[in-house]
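See below for the structure under consideration.
The values are calculated or read from the model by the stated rules, or taken from the named source; none is laboratory data. Source: prediction; values computed, not measured. Cβ coordinates were reconstructed from backbone atoms using ideal geometry, including for glycine residues, and neighbour counts include every protein chain displayed.
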Amino acid sequence: MAQREATLNTTKSKAAPSFVEFVIILSMMMALMALSIDAMLPALPKIGNDLGISNPNDRQLVISIIFLGQAVGQLFFGPLSDKTGRKPAIYVGYVLFVVGSLISVFAQNFSVMLAGRMLQGIGISSPRAVSMALVRDQFEGRRMARVMSFAMTVFILVPMIAPTIGQAILSIAGWRSIFGSFIIFSLVTVVWFGIRMPETLALENRIPFSVKQIWHSSVKILKTRPALGYTVTGGLIQGVFLGYLNSSQQIFQEQYSLGDLFPIYFATISLALGLASFLNARLVMQYGMHKLVHWALGVVFGLAVVFLGVTLAFAGHPPLWLLMVYLMISFFCTGILFGNINTLAMQPLGHLAGLGAAIVGSLSTLISLLLGMLIGQSYNGTVFPLTLGMAILTGFAILGVRWTTAE
C-alpha cells in the first residue's frame, strides 16, 4: 500500500496535492455526472414542449440516455487509461463531454438532443471510470473506501443544489443555458485537474491496448466471484436510484402538484443520501464494509415491503409526508451501499485497476439503466411502480450478496 501511496510523488516531480485537495478534485470530477443529470430535471417539461414530445414518460430519456453513454464509454476509457496513463484519458473524455453539451445547446429536435446527451454520457464516463482507478492506484481496503465515501458524499450532495440551479437558469435564460453551465463547470474542473494532479500510473505499470488483452482480462474479471457479484448487486441498487431519478419530476411536480417546490423536496432526499455517505467514511473504519452492506440492504428491503402495502392501501397515492419519510430512510441506507459495494467490487482488481473499473462501471450501469428505465417508463400517475421496483430489486440484491459471499 505504501508503494501505491508513493505513486503521486514518483510519477512526476511536481508536488502532489494534499489528501484534501485530492478528494476535492476527485469529487468535482464525479459531481459533473450528477450535475449533468439533476440540473435538467426542472427543465424536462419545457424541453418536452419545445421539442414536441407527446408522451410525458419519453422526457425521462433525457436522463436515461446519458447512462447508456456512460456504460459504453467506460469500456473504452478504462483500458485507455491503463495504456496511456490516467490524465490523457481524462482529457479525451472532457472534450467529448463539451462537444455533446454544444450539440444539446443547439438541438432543434428530440433525436439530436438525445445524441448530444449520449455523447455527454460517453465523455463523462472517463472521469467516472478513471477516477476509480486513480484511487485504486494509491489506496486499498478501508482507506480506499474512506476516500470513495468522501467523494461520493459530494457526488450525492450535488443533487441538493443542482435542481435549484437548473430551475434558476431555466427561469432566467432558458433550458439551453443549462448546458452552457455544464461547459463552464467542466472546463474549470479539467484545468484544475491538469495543473495539480500528477500522473498516478507509472510507465512500468501500463498495459498495452489490445483487443485480445482486453478480452482475456475481461474474462478473468468476470470469473472473479466477488467482483462479478458486487458489480451485479451494485447495478440492482443503482437501478432503484435511477428509477427514482427518472420518475421524480413527474411524481413531485405533477402527481403531488409541488411545482417550483420540487427542488426543495428533491434536495431533502439528497441530503439523506449525502449524510449517509459522509457517515459511512467513519462507520466503515469501525464496522467494515461487509456488515454495513448487509445491514443497509436488510433495512431497505424491509421498508420496501412494508411501504408497498401502504401504497396499495392508498391506491398508489400515499400522503406526501409519509412518502418523504420512506424515501429518506431508504436512500439513507442506499447512500451507505453506494461507496461500499463499488469498493468491494474493485478490491480484488488491483492488478487491473483501469480495466477493472471499466468492467465494473459499465456492467453495473447497463444493469441499472435497463431496470431504472423499466421503473420510470412504468410510471402511471402513482408511486406504485417505483415502490414495487424498489422491493423487487433490493430483494434480488440481498440474494446477490449471499451468492457473492457464499463459501
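Summary of values
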quantity	calculated
Meets criteria (farther than 21 Å from Ala16 by Cα and either at pLDDT 75 or above or not in a helix (DSSP H, G or I) (or both)) for Arg142	no
Condition broken by Leu355, with the remaining ones in (1) modelled with pLDDT under 90; (2) within 25 Å of Ala281 (Cα to Cα) satisfied	(2)
Condition met for Gly243 (small (Gly, Ala, Ser) and in a helix (DSSP H, G or I))	yes
Any hit, region 316-326, residues being hydroxyl-bearing (Ser, Thr, Tyr) and modelled with pLDDT under 95	no
Candidate set from region 20-61 (those that are free of Cβ contacts under 8 Å to residues at least 40 places away in the same chain and farther than 27 Å from Ala168 by Cβ); member that is farthest from the chain's Cα centre (by Cα)	Ser54
Given (1) in a helix (DSSP H, G or I); (2) modelled with pLDDT under 90; (3) of a type in the set (Val, Ile, Thr); (4) over 19 Å from the mean Cα position of the chain (by Cα), index of the condition Val188 fails	(2)
Region 63-83 residues that are under 17 Å from Phe110 (Cβ atoms), paired with ones that are outside any helix (DSSP H, G or I) (beta carbon under 7 Å, 6 or more apart)	Ile63/Met40
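Yes/no per residue for (1) in contact (Cβ under 8 Å) with a residue 60 or more places away in the chain; (2) under 20 Å from Gly389 (Cα atoms):
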position: Phe278; (1), (2): yes, no
position: Arg282; (1), (2): no, no
position: Met289; (1), (2): yes, no
position: Leu297; (1), (2): yes, yes
position: Leu303; (1), (2): no, yes
position: Gly309; (1), (2): no, yes
position: Pro318; (1), (2): yes, yes
position: Leu322; (1), (2): no, yes
position: Leu327; (1), (2): yes, yes
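Quick grid of which residues meet (1) of a type in the set (Phe, Trp, Tyr); (2) part of a helix (DSSP H, G or I):
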position	(1), (2)
Trp295	yes, yes
Phe307	yes, yes
Met324	no, yes
Leu337	no, yes
Asn342	no, yes
Val360	no, yes
Gly381	no, no
